[in-house]
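The values are calculated or read from the model by the stated rules, or taken from the named source; none is laboratory data. None of these values were measured; they are calculated from a predicted model. Reconstructed Cβ throughout: ideal geometry from the backbone, glycine too, with neighbour counts over all protein chains shown. The accessibility values were calculated without ligands, DNA or RNA, using every heavy atom of the protein model including side chains. Shrake-Rupley method; radii C 1.70, N 1.55, O 1.52, S 1.80 Å.
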Amino acid sequence: MNTELSTMNSAETRKLSISQMAQIHDISRQTLIYYDKINLFKPEITDRKTGYRYYSTLQIPLLREICFLRSIGMPLENIRKHNESHASTSTIRLLEQQKNKICQEIESLQAQLLKIERRVQIYQSAADYGDSGLEPSIQYFPERRVLYSAWDENDRTRRGLHRSLMKIWNTAEKYDILPSKHYGAFIFKEELEKGTPLNRAGECCLFRHDIPDLPGLRILREGFYVCFSRYCMPYDLASLPELVRWISDHNYEITGDIYDECLLDSSFYENDCEPDFCRLQIPVREKSPAPTPELTAVLRY
C-alpha cells in the first residue's frame, strides 16, 4: 500500500531508495525493478512532490525473507504465494518441500558424479593398458537378458558389427522395447569348447530384466564371472585361450555363454582405426574337489 511521505517522519520508517535497498541486501537494482514489475515486492512510499517511489525500512524483513528463499532455490511463484499467506505452518511446509527437492537433486548429482568417476576409470584403464597391464578379476552379476544377432561371417568388420546391432534395435523397436546403453559380443560356450568360438558368435545388447521371450533372447545367468579387460575388436579372440587356461589353473570351470562388453568404442579415441576397449565376462564356478580313495570307497558302499 502506498503511503504519503508526510506520514513517514519517524526514523523507524525511514525511506530508502532502490539503490540503498539493493545495497543493503547485496542484490542488483535490476532485481528489485523486476520484483516490482511482477508484483512480488513493491515500494510502499511515494513522494507527493516528485512522484518518486521509495521503500520503507519496515519492508526490510520481507525482502530479507525473499532473498533467503531465493538463496535456497525457491521459485519466485512459490515465494509470491508464500507472501500472500505468510503463516508459520505454510512457511514450514514450503521449506520442507524445498528440502525434499534439494535432497532429490543431491541424489541425482551424486549418481551423475558416480557415472563420471566410472567413465574416468574406464578411460584410465584404456590409456594404461599394455601387454601385461590388466589382470583377470572375479565379479558377481545378477541375471541379465540380452538380445543377440549373429555376425555375418563374411563381414566381421566394424560396419558388420554395427549392422548386427541395428538388427537388435529394430527388433526391440518392433516390440516397443527400449534397449540399454550396454552392448557387446556374445560367444557360445559349446562353440568355445569345440575350439571354434567365432562360430555363431554375434552382437548383443542388454535389456531390462522383464523383457519378453523375443527372437534372439539369451540369458546371462546370475553368478560369478571371470572378467578380463582388453584392447581389441570383439571378434579378435587371441586372448581367450590364455584366459581359459587361467580359469582352469585357478580351479574354476566355465558354466555358460560368454559376454564381451564394449566399454569404449572407437568414437572415443583420437584415431578412428583404433580398436575398442572391451571386457570379457565368463561365468564360472569352483571345480568340485576330486574325492579321496577313502571317500570313494564310502560312496560305493
Residue count for the range 51-63, restricted to those that are open to solvent by 20 Å² or more (accessible area, probe 1.4 Å), of a type outside the set (D, E, K, R) and modelled with pLDDT of 90 or more: 7
Is it the case that Ser125 is modelled with pLDDT under 90, under 30 Å from Ser239 (Cβ atoms), exposed (fewer than 10 other Cβ atoms within 10 Å of the Cβ) and of a type in the set (S, T, N, Q)? no
Scanning the range 168-190 for residues that are crowded, with 16+ Cβ neighbours inside 10 Å, modelled with pLDDT of 80 or more and not in a strand (DSSP E or B) gives Ile168, Trp169, Thr171, Ala172, Ile177, Phe188
Of everything in the range 20-50 that's β-branched (Val, Ile, Thr) and over 44 Å from the mean Cα position of the chain (by Cα), which residue is most open to solvent (accessible area, probe 1.4 Å)? Thr50
Specify which of the listed residues (Glu143, Glu193, Glu105) is open to solvent by less than 100 Å² (accessible area, probe 1.4 Å), over 30 Å from Leu40 (Cα atoms) and either at pLDDT 90 or above or within 20 Å of the chain's Cα centre (by Cα) (or both). Glu143
Considering only residues of the range 196-215 that are modelled with pLDDT of 90 or more and part of a loop (DSSP other than H, G, I, E, B), which is farthest from Ala150 (Cα to Cα)? Thr196
Pairs under 7 Å by beta carbon, first residue under 16 Å from Leu63 (Cα atoms) in the range 1-29, partner at pLDDT 65 or above and open to solvent by 90 Å² or more (accessible area, probe 1.4 Å), six or more apart or different chains? Thr13/Leu58; Ile18/Arg29; Ser19/Arg29; Ala22/Arg29; His25/Arg64
If you go through the range 216-274 one residue at a time, how many are assigned to a loop (DSSP other than H, G, I, E, B), modelled with pLDDT under 80 and open to solvent by 70 Å² or more (accessible area, probe 1.4 Å)? 4
